[in-house]
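Q: Take this structure, written in structure tokens, and hold onto it; I'll ask about it next.
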Amino acid sequence: MTTVNTEKLSSARFAEATDAFVEEFTASVNFDRRMARQDIQGSLAHAAMLCKIGILTEQELADIRSGLMQIGGEIERGEFVWSIKQEDVHMNIEARLTDLIGIAGKKLHTGRSRNDQVATDIRLYLRSEIETILTQLQRLQIALLDVAEREADTIMPGFTHLQVAQPVTFGHHLMAWFEMLCRDKERLQDCCKRLNVMPLGAAALAGTSYPIDRFMTAELLGFSRPSNNSLDSVSDRDFAIEFAAAGSLIMMHLSRFSEELVLWASAQFNFIDIPDAFCTGSSIMPQKKNPDVPELVRGKSGRVTGHLMSLLMLMKSQPLAYNKDNQEDKEPLFDTADTLINCLRAFADMMPRIQAKRENMYNAAKRGFATATDLADYLVRKGMPFRDAHEVVGQAVRLGLQTDRDLSELALTELQGFSATITADVFDILKLEGSVAARNHIGGTAPEAVRQAICEARQQIPH
């Protein structure tokens, strides 16, 4: 049986009360109340502006400030009574304010709409969340630099196609992760430039007839400027999609990190040890140590990418201006921010305690003829065309495969059988240490190059 809420009409325009299920179905207060702090922040700035243009008296402004501060305290202490009948965070706060201070509370909404109010709240919320995300991202960057410095000389195999390719250092590998996070940081900072534009003052869609001072409100709220078009202001969610896209890239990077950690911690690789605090055991197999944190982060990357798709689909068919569809933007955004913060925090806590099994890494780098390219380069420096050198090295590798020996284990006479230009100095470059040390240039894997990259990176991170 259909029930109706007889206590509240949506407005005097309606002749019948809202169906109780529809009221619950359309309400957003259960999730958008997390923006209460931003809603109060926006209302304080709006009230100050209304006082300046003469809509509010100084006493009314003081009452509004006092009431909003009391409400903020009630919310923080968990004493605030949220009502689904008030639909959303904005109406809940306004209703409580009116209860506290009377008619002045009803004046607060002059010159604005919930459309521009919620658009402002979301931007304020995301701006704050991005600051927190950047803090956690920087913590992870510092952790990577610390481990990379510790392992700048640790030789391990570098892979392409997950096959041993050339020797690198563990420090160099970790610095590759660091570079990914640098791009993530830049994307978030760039996202903030477009995010930090204030829609408040656009009202429902067409602006307001009151002589509002949007530049004053923007300055009070820390926005770079007010938005330029009222229609676009209330309906724009590009900034939310851009944030979700940046978040998806961060999670994709963390997922790649996780995949490598999971592989390296396996018995088949046995390159690293993940601290017990970030692993769990099996309910049936007592020997198991499962890398749950990297696996869970890898899994969570999918939900953030899904939120990006959700927001894109949410916006793709909307006509100007605001539509109720946009109520669905908040939960994906909230979960994206939460997931990013938690995953970055987990990695930042875990990475400093990762232990490299250096001997295992070194022995793995000795397999798969990792210095084959070094031998080809050696022959080129002796005057041989690269394609001919490639052929010669291929023949040497074949011999190594047939006799189960690395190139460095072949006799000089055997190597000279493939090319008379090879002399005893070839073994300097066939050793892993020689191969790694030879790449001493910017972006190279030599320990000196890695330490230089770390030094320069530390100078870019604010303390």
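The values are calculated or read from the model by the stated rules, or taken from the named source; none is laboratory data. Since we're looking at a predicted model, the values are computed, not measured. Positions of Cβ are generated from backbone atoms using ideal geometry, with glycine treated the same way; all protein chains shown enter the neighbour counts. Accessible surface areas use protein heavy atoms only, side chains included; no ligands, DNA or RNA. Shrake-Rupley method; radii C 1.70, N 1.55, O 1.52, S 1.80 Å.
Q: Residues of region 432-458 with backbone nitrogen within less than 17 Å of a virtual label 7 Å along the Cα-to-Cβ line of Phe386, please, listed as ranges.
A: 439
Q: Still on this structure, please answer the following. Only four residue types carry charge here, +1 at the Cβ of Lys and Arg and -1 at the Cβ of Asp and Glu. Report the dipole size of the chain about the Cα centre in Debye, rounded to the nearest 20.
A: The dipole magnitude comes to about 300 debye.
Q: Moving on to the next point. For q values of 0.11, 0.12 Å⁻¹, compute log₁₀ I(q)/I(0) with the Debye formula on a Cα-only model of the chain, without solvent.
A: The Cα Debye sum returns log10 ratios of -0.94, -1.04.
Q: On C-alpha positions alone, give me the angle between the axis of helix 36-52 and the longest principal axis of the chain, in degrees, nearest 10.
A: Between helix and principal axis, roughly 50 degrees.
Q: Enter the accessible area per residue of the chain (Å², integer; probe 1.4 Å; all protein chains in place).
A: It amounts to 49 Å² per residue over the chain.
Q: Moving to a separate point now. Would you mind checking the tilt of helix 170-195 against the longest principal axis of the Cα atoms of the chain, expressed as 0 to 90 degrees and rounded to 10?
A: Compared with the principal axis, the helix lies near 20 degrees.
Q: What is the Cα radius of gyration of region 251-390 over 2.2 N^0.38 Å, N being its residue count?
A: Working: Rg = 23.2 Å, N = 140, 2.2 N^0.38 = 14.4 Å.
That works out to 1.61 for region 251-390.
Q: Now, a different point. Please work out the C-alpha center-to-center distance from region 407-454 to region 109-165 and express it in whole Å.
A: Between the Cα centres of region 407-454 and region 109-165 lies a distance of 37 Å.
Q: Counting only other residues whose beta carbon sits under 14 Å from that of Glu149, what net charge do I get with K and R as +1, D and E as -1?
A: Local charge sum for Glu149: -2.
Q: Then there is this: For all pairs of alpha-carbon atoms in region 357-415, what percent lies in each bin of width 10 Å, listed from the first bin to the last filled one?
A: 23, 49, 23, 5
Q: Which one of Val164, Ala206, Leu195 is farthest out on the positive end of the charge dipole of region 123-211, using unit charges on Cβ (Lys, Arg +1; Asp, Glu -1) and the Cα centre as origin?
A: The Cα lying farthest towards the positive end belongs to Ala206.
Q: Okay, moving on. Let me check I have the definition right: for region 266-342, take the eigenvalues of the Cα gyration tensor, multiply each by 5, take square roots. What are those semi-axes in whole Å, largest first?
A: Result for region 266-342: semi-axes of 40, 11, 10 Å.
Q: Taking H as built 1.01 Å from N, whose amide H comes closer than 5 Å to the amide H of Met156, not counting residues under 5 places away?
A: Amide H neighbours of Met156, under 5 Å, 5+ apart: Val168, Thr169, Phe170.
Q: Starting from the Cα coordinates of region 210-303, work out the convex hull volume and express it per residue in Å³.
A: Per residue, the Cα convex hull of region 210-303 comes to 174 Å³.
Q: Let me ask something additional. As a check on your grasp of the helix formula, calculate [θ] at 222 nm for the chain: sum -39500 (n - 2.57) over DSSP H runs of n ≥ 4, divide by the residue count, round to the nearest 500.
A: -19500 deg cm²/dmol
Q: Now for a separate question. What number, in percent, do you get for the relative contact order of the chain if the mean sequence gap of Cα pairs under 8 Å and at least 6 apart is divided by its residue count?
A: This gives 16 percent for the chain.
Q: Still on this structure, please answer the following. Write down Rg/Rh for region 399-443, rounded to two decimals, with Rg from the C-alpha atoms and Rh from the Kirkwood relation over Cα pairs.
A: On the Cα set of region 399-443, Rg over Rh gives 1.06.
Q: To continue, here is another question. For region 12-154, what log10 I(q)/I(0) values come out of the Debye formula at q = 0.19, 0.20, 0.22 1/Å, with one point per alpha carbon and no solvent?
A: Result of the Debye calculation: -1.16, -1.24, -1.37.
Q: A 21 angstrom limit on the alpha carbon distance is what I want to check against. Which of Lys52/Lys85; Lys52/Lys107; Lys52/Lys106; Lys185/Lys330; Lys288/Lys357; Lys193/Lys316 exceed it?
A: Where the Cα-Cα span goes over 21 Å, the pairs concerned are Lys52/Lys85; Lys185/Lys330; Lys193/Lys316.
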